Amino acid sequence: MSCVYLLLLLLLGVGISAVEVQRPRGVPLSKRQFYEEDKPFTCLDGSRTIPFDRVNDDYCDCQDGSDEPGTAACPNGSFHCTNAGFRPAFIPSSRINDGICDCCDTTDEYNSGAACQNTCRELGRKERESLQKMAEIAKEGFLLKQQLIQEAKRGLEDKKAKLADIQVSKKDLEERVEALRTVKETAEQPEKEAKELHLKAWEDEKALIRMEKDKARMAEVFLELDDDADGFVSVADLLSHSELDPESDGSFTEAEAQGLLGGVDKVDTVAFESVWNNIKEKYISEANADTPAPVDTPQEEIREPVPDNDSEQYPEDDIPEEEEEDDDEDEDDDPDEVDYKSPPTIQTQEKKDDDEGTMPPFDQQTQDLIDAAQKARDAFDEAERALREVDDQIKNLDKEISFDFGASAEFAYLYNQCYELTTGEYIYRLCPFNRVSQKPKFGGSETNLGTWGKWAGPEDNIHSVMKYEHGTGCWQGPNRSTTVKLTCGKETVVTSTSEPSRCEYLMEFTTPAVCQEPESLDSLYHGHEEL
């Protein structure tokens, strides 16, 4: 605590009014030199000079009211309360002799007859006690602040050492990732070749199966078309199958039928093989003649059939909300996912699989190559994941090391911490350097009152105010924001919260980190020199 501050407390304790400097009523000590009784008085604004006996004569001569510091004559004048034993003060001159005691030393009611009592000493005593408590809190808080600074210093050194170690391990991991990448790519090449060979063999096998089935169908169709069983398919045989009309115009001519047969009137089984491609795509077996031909429907127009018993279970506008939400969640799971809702493609593929069988399992040699490649992929993925985690650690450590935690990192202990204040209606949660939130005390969702923005104190004390911005938007209003004012205290706690303006919140937060050295405490009782 400074010598000035101790002296002030001492002077207030013994009472300084006994040695009060004499000057005209209502004049502060700082302006005493302008009021010399043996000299003319010059208005403090320099506008005019008057005889001294016109000072405090209850008539306003100066435009700035400086000639009437102790009367109510000037509307813009001010009266200085000496308030010996307490804090000096200024009041508007209009309050002089108005019957209400504004100065604790009663000097403003010198001619009103008001029954005022001098309360300055009692007020001074109470203020000294308050100041003493504040001084004790500030002293203890400042000691705690020194501990916080030392802990922050050690923490910073630890983080820098950890960062250096992680950066070394990152280099090792990077080398390991690249080595495993080479191993993976080396293992994947023979795997790829073996799988391609296996797939080619399967495609060749399916081609043979399709060829055999095509030959079998060709022989079956030949017999169906050979109505007279003479061993030939003729133009007349084809004309009974209007679906074979090349023009599909409803007029199947002999010339068109002859064209399908390669320009001849009839073909045997050997020649039929050469014209089979002209016939097989459109031909409808006589056994299925009464069955309507399938209609090609664009994929986008295909809809899943709805069972009759469910057709009116839910009208279009009355779909249960839960089902709608589930549908939305399913759609949002993976926007890049291949659309699985393609029934025609899937059904066609399944049909092909049924007709041609399923691909046989890989032979042991190919499977061994696949297993080896997968093992290499897993090892590479694991190493790559570890490298990403290391990158995240480095990023977080860099951020924390370079973050502005105050001139001596005194606020570093607040990082990753949260503090709550419960009021009658809400629970407020302050997480310094992160966010501020509000949650109803009796249940309900949490509202974001702002995320960390910046230090926002005055230029000479910027670390005294925190600003949180871009919170949840108000209904037809701006996004919520919070200003947090820091005050000195032995504890770290949120002391109050309010909403001075709509969607703009104010919090009071005490912390030892803002406590100043006791030498600065003389400012708490400024003005006592004017007694």
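The values are calculated or read from the model by the stated rules, or taken from the named source; none is laboratory data. None of these values were measured; they are calculated from a predicted model. Glycine also receives a Cβ, built like all others from the backbone with ideal geometry; neighbour counts cover every protein chain displayed. Just the protein is used for accessible areas: all its heavy atoms, side chains included, with ligands, DNA and RNA removed. Shrake-Rupley method; radii C 1.70, N 1.55, O 1.52, S 1.80 Å.
Odds and ends about this structure:
- Filtering Thr451, Thr483 for residues that are touching a Lys or Arg at 6+ places or on another chain (Cβ under 7 Å), open to solvent by 40 Å² or more (accessible area, probe 1.4 Å) and modelled with pLDDT of 95 or more leaves a single hit, Thr451.
- Evaluation of Asn76 against (1) assigned to a loop (DSSP other than H, G, I, E, B); (2) surrounded by fewer than 17 Cβ atoms within 10 Å (Cβ to Cβ); (3) more than 60 Å from the chain's Cα centre (by Cα) (one fails), failing number: (3)
- Counted residues, the range 437-466 - those being closer than 20 Å to Val514 by Cα and either among the polar types (S, T, N, Q) or not in a helix (DSSP H, G or I) (or both): 11
- Residue check, Glu519 modelled with pLDDT under 95, assigned to a loop (DSSP other than H, G, I, E, B) and within 30 Å of Pro28 (Cα to Cα): no
- If you check Met134, Met218 for being touching a residue at least 24 places away in the same chain (Cβ under 8 Å), touching a helix residue (DSSP H, G or I) at 6+ places or on another chain (Cβ under 7 Å) and either among the small types (Gly, Ala, Ser) or within 27 Å of Leu486 (Cα to Cα) (or both), only one passes: Met134.
- Residue count for the range 39-57, restricted to those that are closer than 13 Å to Pro24 by Cα and either open to solvent by 60 Å² or more (accessible area, probe 1.4 Å) or free of Cβ contacts under 8 Å to residues at least 12 places away in the same chain (or both): 3
- Residue count, the range 469-494 (criterion: more than 15 Å from Thr451 (Cβ to Cβ), of a type in the set (D, E, K, R) and outside any strand (DSSP E or B)): 2
- In the set (1) surrounded by 15 or more Cβ atoms within 10 Å (Cβ to Cβ); (2) under 30 Å from Thr182 (Cα atoms), the condition left unmet by Gly457 is number (2).
- Extreme residue, nearest to the chain's Cα centre (by Cα), among residues of the range 152-177 that are acidic (Asp, Glu) and closer than 20 Å to Asp392 by Cβ: Asp158
Residues are listed down the side, and each one gets a yes or a no for (1) assigned to a helix (DSSP H, G or I); (2) crowded, with 17+ Cβ neighbours inside 10 Å:
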position: Ala114; (1), (2): no, no
position: Arg125; (1), (2): yes, no
position: Ala138; (1), (2): yes, yes
position: Lys145; (1), (2): yes, yes
position: Gln150; (1), (2): yes, no
position: Glu157; (1), (2): yes, no
position: Lys162; (1), (2): yes, no
position: Ser169; (1), (2): yes, no
position: Thr182; (1), (2): yes, no
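- Screening the range 410-425 for residues that are assigned to a strand (DSSP E or B) and open to solvent by 60 Å² or more (accessible area, probe 1.4 Å) and picking the one that is farthest from Gly450 (Cα to Cα) gives Thr422.
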